[in-house]
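Participant: Just passing along the structure, written as structure tokens.
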Amino acid sequence: MKGFKDFVLRGNLIELAVAFIMAAAFTTVVTATVAMIMDVLGKLGGTPDFSSYQPGGVHVGDFLTALVAFLILSAVVYFGIVAPYTRARERMNRDRTTEAAPVTEDVALLTEIRDLLAARRAPE
């Protein structure tokens, strides 16, 4: 029973569950955004749904609708989530790297030895 309790209370499992719940909730936002953009495209093109489009009797309308929805969904996810997250992560990493780590005694000694060896090898 202790092993099961440890498994359930493990931090990664809780974080994964929260991420799954947030993703499910965010799905409705993305789906609504895609539907809104598809409606606007339908108003501009005169056809709100491409499903009935059948040139030469070939049902390509469903494919076109799915393709446009996929491209819009990809753009919403990239510009709404991926790009801002990447910029924020780079900014956080940049702030962390500006703090210079103190040089320890062994690193200073190794640096001095490297410089002395390089000076000995250099032709004069």
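Participant: How many residues does region 11-24 hold that are exposed (fewer than 10 other Cβ atoms within 10 Å of the Cβ) and either at pLDDT below 75 or touching a helix residue (DSSP H, G or I) at 6+ places or on another chain (Cβ under 9 Å) (or both)?
Facilitator: 2
Participant: Among all residue pairs at least 6 apart or on different chains, which show Cβ distances below 9 Å where the first residue, located in region 86-104, is part of a loop (DSSP other than H, G, I, E, B) and the second is surrounded by 10 or more Cβ atoms within 10 Å (Cβ to Cβ) and modelled with pLDDT of 70 or more?
Facilitator: From residues that are part of a loop (DSSP other than H, G, I, E, B), the pairs are 103/111.
Participant: If you don't mind, there's one more thing I want to ask. Looking only at residues in region 25-60 that are in contact with a Pro (Cβ under 9 Å, 6 or more places away or on another chain) and free of Cβ contacts under 8 Å to residues at least 12 places away in the same chain, which one is surrounded by the most Cβ atoms within 10 Å (Cβ to Cβ)?
Facilitator: So the first thing to find is which residues in region 25-60 are in contact with a Pro (Cβ under 9 Å, 6 or more places away or on another chain), and the list is 38-39, 41-42.
Next, from what is left, pick out any that are free of Cβ contacts under 8 Å to residues at least 12 places away in the same chain: 39, 42.
Details: 39: 12, 42: 15.
Among residues in region 25-60 that are in contact with a Pro (Cβ under 9 Å, 6 or more places away or on another chain) and free of Cβ contacts under 8 Å to residues at least 12 places away in the same chain, the one surrounded by the most Cβ atoms within 10 Å (Cβ to Cβ) is 42.
Participant: Also, quick follow-up: Within region 50-59, does at least one residue satisfy the condition of being of a type in the set (Val, Ile, Thr) and at pLDDT below 80?
Facilitator: In the first step, residues of region 50-59 are kept if they are of a type in the set (Val, Ile, Thr); the result is 58.
Now restrict to residues that are at pLDDT below 80: none.
Within region 50-59 (the criterion being of a type in the set (Val, Ile, Thr) and at pLDDT below 80), the answer is no, since none of the residues qualifies.
Participant: Moving on. Please enumerate the residues belonging to region 35-80 that are assigned to a helix (DSSP H, G or I), over 29 Å from residue 25 (Cβ atoms) and small (Gly, Ala, Ser).
Facilitator: 45, 52, 56, 57, 61
Participant: A further question on this structure: In this structure, is residue 112 outside any loop (DSSP other than H, G, I, E, B) and either at pLDDT 80 or above or more than 18 Å from the chain's Cα centre (by Cα) (or both)?
Facilitator: When the stated conditions are applied, residue 112 passes them.
The values are calculated or read from the model by the stated rules, or taken from the named source; none is laboratory data. Every value quoted in this text rests on a predicted model; they were computed, and no experiment measured them. Note that we place each Cβ from the backbone using ideal geometry, even for glycine, and neighbour counts take in every protein chain shown.
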